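To keep things clear, I will list the structure first and then write my remarks on it.
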Amino acid sequence: MRYLKLASFGAASALLFGCSGEQTEYDYSIPEKLCGIDVRPLNIKPLLPPGKSVKESFREIRQRSGEHVNCGVVVDKGVDLSVSFSRQTGELDIAREAADKYTDLQRISLGRGVNSAAVGDDGAVAWMACLPQPHQPRYEMPETRSGKYDHVALEIRTGKVEDSGKVEERRTHIENFLRAYAPGVAGAWCT
């Protein structure tokens, strides 16, 4: 199954989600960019816990720039939100393929070139039609010009909600973030 190419996200970024303790205040500025993509603070804040400090971790996974990027928002000392996008080839129903990697993943429609998308209790996924920008890698194997990139997989991971009464609210926040963030990824990574 081709989705295993994305399994590197799970393995390479097996992130421990931090807990926020008893704090109720945000003593840090809410990020306005994540992985270089603009994000409105009102879309990201509900996914982050209160805390004292925030920083972004950034990592390119593959050898060539622009193939696979993983970023995390670290509040105090725990990663509380991570985003990964990677170049892919061909069609894939990511909502079906990722079902065992997220809690209660449910299909949603995003339109605008998004072939498949889903939201779970602890994150979201999207498979988007995407031809690379002129300065970005176009092929998995550039030397043979094979494996032409034509899609981007977007994966979002959040910490789990311990209060079962807040799961639906959390899912709504995750979906709102996905809907706001996906167009920015497409703008930065697609022609």
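Any read-out appearing in this document is the output of simple, stated calculations on the displayed coordinates, not a laboratory observation. All values derive from a computational prediction rather than experimental measurement. Here the Cβ positions follow ideal geometry from the backbone for every residue, glycine too, while neighbour counts run over all protein chains shown.
So the values come out like this:
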| item | result |
| --- | --- |
| Segment Thr89-Tyr139, extension gain: residue separation times 0.36 nm, minus the distance between their alpha carbons | 17.1 nm |
| Neighbour-limited loop hits for trypsin sites (Lys or Arg not before Pro), segment 76-162 (at most 16 other Cβ within 10 Å; DSSP other than H, G, I, E, B) | Lys77, Arg112, Arg138, Arg145, Lys160 |
| Aspartates and glutamates with Cα under 20 Å of Lys52, excluding same-chain neighbours fewer than 8 positions away | Glu22, Glu25, Asp27, Glu32, Asp76, Asp80 |
| Length-normalised contact order for segment 88-191 - Cα pairs under 8 Å, 6+ apart - percent | 27 percent |
| Reciprocal mean inverse distance between Cα atoms of segment 35-191 - Kirkwood radius, Å | 16.1 Å |
| Label-to-label distance, nm, for residues given as Asp104 and Phe58 (7 Å Cα→Cβ offset) | 3.6 nm |
| For segment 144-191, with +1 on Lys and Arg beta carbons and -1 on Asp and Glu, the positive-most of Ser146, Ala188, Leu178 along the dipole | Ser146 |
| Pairwise centroid distance, computed over Cα atoms, of segment 54-131 with segment 143-167, Å | 2 Å |
